[in-house]
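Scroll down for the structure; my scribbles are underneath it.
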Amino acid sequence: MEQTRRLVETITKGIQEKKGTGIVIADLSNIEGSICKYFIICQGNSPAQVEAITESVGDTARMELSEKPSRVAGLDNAQWVAMDYGDVLVHIFLPDVRTFYDLEHLWADATLTQIPDLDCNS
């Protein structure tokens, strides 16, 4: 479980490196039948930023923890990219697509943690 927590922290760092916003971590570990232990949900303001966040998450997890996603889907149009790290699923959205799918509320029993956006001036 410690490795999974480190992965969540590392992925969050990768998102923040490219100014991803609205980061929410949904803890699904106590929900029977859930498909993973954590969802990490965030957004970028353009397809180019969604791609950059995806690349940053992949690079950061690989360099710091030697972790690679088993699958990455959605890069073709970069409106919603999903990265599968087994126990952790990362969802990187454009704002309107995120609002439409509303993944944060898909798992009503999940504990949600909102990560404050980094100050753009720093």
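Quick rundown of the values:
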{"item": "Residues satisfying the stated conditions in the stretch 12-48, i.e. touching a Ser or Thr at 6+ places or on another chain (Cβ under 7 Å), open to solvent by 30 Å² or more (accessible area, probe 1.4 Å) and without any contact (Cβ under 8 Å) to a residue 60 or more places away in the chain", "result": "LYS13, GLU17, LYS18, LYS37, GLN43"}
{"item": "Residues satisfying the stated conditions in the stretch 18-75, i.e. more than 16 Å from GLY86 (Cβ to Cβ) and of a type in the set (Asp, Glu)", "result": "GLU32, GLU51, GLU55, ASP59, GLU64"}
{"item": "Output for the stretch 62-78, where each listed residue is over 23 Å from GLU104 (Cα atoms) and either in contact (Cβ under 8 Å) with a residue 24 or more places away in the chain or surrounded by 15 or more Cβ atoms within 10 Å (Cβ to Cβ) (or both)", "result": "GLU64, LEU65, GLU67"}
{"item": "Residues of the stretch 80-105 that turn out to be over 12 Å from the mean Cα position of the chain (by Cα), without any contact (Cβ under 8 Å) to a residue 40 or more places away in the chain and either under 18 Å from LEU7 (Cβ atoms) or loosely packed, with under 13 Cβ neighbours inside 10 Å (or both), as a count", "result": "5"}
{"item": "Residue in the stretch 49-58 that is free of Cβ contacts under 8 Å to residues at least 60 places away in the same chain, closer than 21 Å to ALA110 by Cβ, open to solvent by 30 Å² or more (accessible area, probe 1.4 Å) and out of contact with any Asp or Glu (no Cβ under 7 Å at 6 or more places or on another chain) present", "result": "no"}
{"item": "Among the candidates ALA61, ALA26, ALA52, ALA48, residue that is touching a Phe, Trp or Tyr at 6+ places or on another chain (Cβ under 6 Å) and among the hydrophobic types (A, V, I, L, M, F, W, C)", "result": "ALA26"}
{"item": "Residue check, THR113 outside any loop (DSSP other than H, G, I, E, B) and within 19 Å of GLU2 (Cα to Cα)", "result": "yes"}
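Every residue, every condition in (1) modelled with pLDDT of 95 or more; (2) polar (S, T, N, Q); (3) in contact with a Pro (Cβ under 9 Å, 6 or more places away or on another chain); (4) in a helix (DSSP H, G or I), yes or no:
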| position | (1), (2), (3), (4) |
| --- | --- |
| GLY14 | yes, no, no, yes |
| GLU55 | yes, no, no, yes |
| LYS68 | yes, no, no, no |
| MET83 | yes, no, yes, no |
| VAL90 | yes, no, yes, no |
| ASP96 | yes, no, no, yes |
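The values are calculated or read from the model by the stated rules, or taken from the named source; none is laboratory data. In this text, all values refer to a predicted model and were calculated from it rather than measured experimentally. Backbone-built Cβ (ideal geometry, glycine too); neighbour counts: all protein chains shown. For accessibility, only protein heavy atoms count, side chains too; no ligands or nucleic acids. Shrake-Rupley method; radii C 1.70, N 1.55, O 1.52, S 1.80 Å.
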